[in-house]
Number of protein chains: 2
Amino acid sequence: MGKAYNVMAATCPSRTVLHRIGARWTVFVVNALDDGPRRFSELKGHIRGITPKVLTETLRSLEADGLISRHEYDENPPRVEYALTPLGRSLLIPLRAVRLWAEEHVPDIEAARARQPILAP
Amino acid sequence: MGKAYNVMAATCPSRTVLHRIGARWTVFVVNALDDGPRRFSELKGHIRGITPKVLTETLRSLEADGLISRHEYDENPPRVEYALTPLGRSLLIPLRAVRLWAEEHVPDIEAARARQPILAP
DNA sequence: AGATACCGGTATCAAATCCATACCGTTGCA
DNA sequence: TGCAACGGTATGGATTTGATACCGGTATCT
């Protein structure tokens with residue numbers, strides 16, 4: 001059967017899905033959960049530079065979309081673990097490729113940026 | 001040889017690369033150039049809902065990073081064509097996969113979203 | 001007993017980004 | 001003369017993102 005959705009259509013639901021994936025930190029969080037569940041502060045430490053507010057928002061969004069699961073243990077000090085769901089793990093495959101592309105092509109992009117003329121102030 | 005860059009490090013150049021990819025419209029523009037060069041208004045018409053300002057900004061950024069090229073013809077009415085560079089075409093491969101994932105998994109995500117409780121107003 | 005630290009977040013406010021809408025200069029054509 | 005095509009800008013407001021400080025509950029240290 002043919003393609004049912006088209007991200008280029010403004011009203012297509014796939015548009016909102018792709019916009020969520022394209023949110024600033026989604027790729028980082030999903031990749032960070034690549035090798036197993038992690039706690040909030042582990043994620044915060046691993047994804048250098050993310051603020052707790054943004055991490056919270058990203059995690060909530062991903063949870064609402066069924067990409068990750070949140071498991072709260074009744075312990076002290078409190079422990080909360082985030083893990084990829086099967087759906088999230090299926091997204092990890094293309095996102096891992098994007099991450100690898102970024103890590104591999106840094107020199108190319110830096111070269112292109114260096115070629116830019118400096119704008120007058 | 002091992003991995004030279006790590007997107008999880010705050011100061012790693014790959015971080016800025018990945019953030020550029022994660023900009024709201026990059027995935028759309030790169031995918032829209034999948035089957036050949038396109039003009040400004042073709043892109044604007046194809047990527048439904050993008051505003052000319054944001055399209056301009058996205059194109060300029062992608063050009064600065066060496067992912068697309070801009071060719072201005074000296075005609076009337078003016079004609080400007082945008083095309084993927086070899087580097088951009090290499091990025092297209094993972095981004096196409098992301099796009100396909102989005103188009104394929106709309107039902108899963110809509111189901112997850114429907115499972116959400118409605119928040120009180 | 002009091003002080004301090006861990007954990008998983010919020011609160012608050014500033015800055016960057018994004019969006020909607022209107023408009024512009026050049027040329028061609030009716 | 002007037003209007004349309006093209007590739008954008010200008011303006012101003014809405015939404016997202018970011019930096020920093022703080023919180024409540026418990027455990028541990030002194």
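Please give the length that would be gained between B:ALA111 and B:ASP35 if that part of the chain were fully extended, namely 0.36 nm times their separation in residues minus their C-alpha to C-alpha distance (nm, one decimal).
Separation in residues times 0.36 nm, less the Cα-Cα distance, equals 24.1 nm.
Exposed loop sites here are trypsin sites (Lys or Arg not before Pro) in DSSP loop states with at most 16 other C-beta atoms within 10 Å. What is the longest stretch of chain B lacking them?
After excluding every exposed loop site, the longest remaining stretch is B:49-114.
Using Cα springs under 10 Å in a Gaussian network model of chain B, which residue among B:GLY88, B:GLY49, B:GLY22 shows the largest mean-square fluctuation?
Result for chain B, Cα springs under 10 Å: B:GLY49 fluctuates most.
In debye to the nearest 20, how big a dipole does the stretch B:1-49 give about its Cα centre with +1 on each Lys and Arg Cβ and -1 on each Asp and Glu Cβ?
Dipole size: approximately 180 debye.
As a test of reading the structure, rank B:TYR82, B:TYR5 by solvent-accessible area (1.4 Å probe, protein chains only), most first.
Highest to lowest solvent-accessible surface, that is B:TYR5, B:TYR82.
Output the Kirkwood hydrodynamic radius of the stretch B:13-114, Cα pairs only, in Å rounded to one decimal.
Here the Kirkwood hydrodynamic radius works out to 14.6 Å.
In the stretch B:1-89, which GluC sites (Glu not before Pro) fall in coil by DSSP and have 14 or fewer other Cβ atoms within 10 Å?
B:GLU75
Suppose only helical runs count, i.e. DSSP H with n ≥ 4. What mean residue ellipticity at 222 nm does that imply for chain B under -39500 (n - 2.57) per run, divided by all residues and rounded to the nearest 500 deg cm²/dmol?
Helix contribution divided over all residues of chain B: -16000 deg cm²/dmol.
List the extent of the Cα atoms of the protein assembly as shown along each of their three principal axes, largest first, rounded to whole Å.
Between the extreme Cα coordinates on each principal axis of the protein assembly as shown lie 70, 43, 37 Å.
Just the number please: accessible area per residue for chain B, 1.4 Å probe, all protein chains included, in Å².
Value returned for chain B: 54 Å² of accessible area per residue.
In square angstrom, rounded to the nearest 10, how much accessible surface does A:TRP101 have for a 1.4 Å probe?
10
I'd like the per residue volume of the convex hull spanned by the Cα atoms of the stretch B:59-121, given in cubic angstrom.
Output value, Cα hull per residue: 177 Å³.
Using a 10 angstrom cutoff on alpha carbons, build the Gaussian network for chain A and name the most mobile of A:ILE47, A:ILE68, A:ILE109.
A:ILE109
Roughly how many Å² of B:HIS71 are accessible to a 1.4 Å probe, to the nearest 10?
Surface open to solvent at B:HIS71 totals about 100 Å².
What does the C-alpha gyration tensor say about the overall shape of the stretch B:1-67? Classify as rounded when a/c is under 1.5, otherwise prolate if a/b is larger than b/c, or oblate.
Note, shape of the stretch B:1-67 comes out prolate.
With a Förster radius of 22 Å, plug the Cβ-Cβ distance of B:ARG96 and A:ALA9 into 1/(1 + (r/R0)^6) and report the FRET value to the nearest 0.05.
0.80
Counting pairs on different chains as well as pairs 8 or more places apart, how many Lys pairs in the protein assembly as shown have Cα atoms under 28 Å apart?
Lysine pairs meeting both conditions in the protein assembly as shown amount to 4.
Between the stretch B:1-78 and the stretch A:6-76, what is the C-alpha centre distance in whole Å?
Computed from Cα coordinates, the inter-centre distance equals 23 Å.
Quick check: at a probe of 1.4 Å, how many percent of the accessible area of the protein assembly as shown sits on carbon and sulfur atoms?
Carbon-and-sulfur percentage of accessible area, whole number: 54.
The values are calculated or read from the model by the stated rules, or taken from the named source; none is laboratory data. Quick caveat: nothing in here was measured; it's all calculated off a predicted structure. Note that each Cβ is placed from the backbone with ideal geometry, even for glycine, and that neighbours are counted across all protein chains shown. SASA here: full protein model, heavy atoms, side chains in, ligands and nucleic acids out. Shrake-Rupley method; radii C 1.70, N 1.55, O 1.52, S 1.80 Å.
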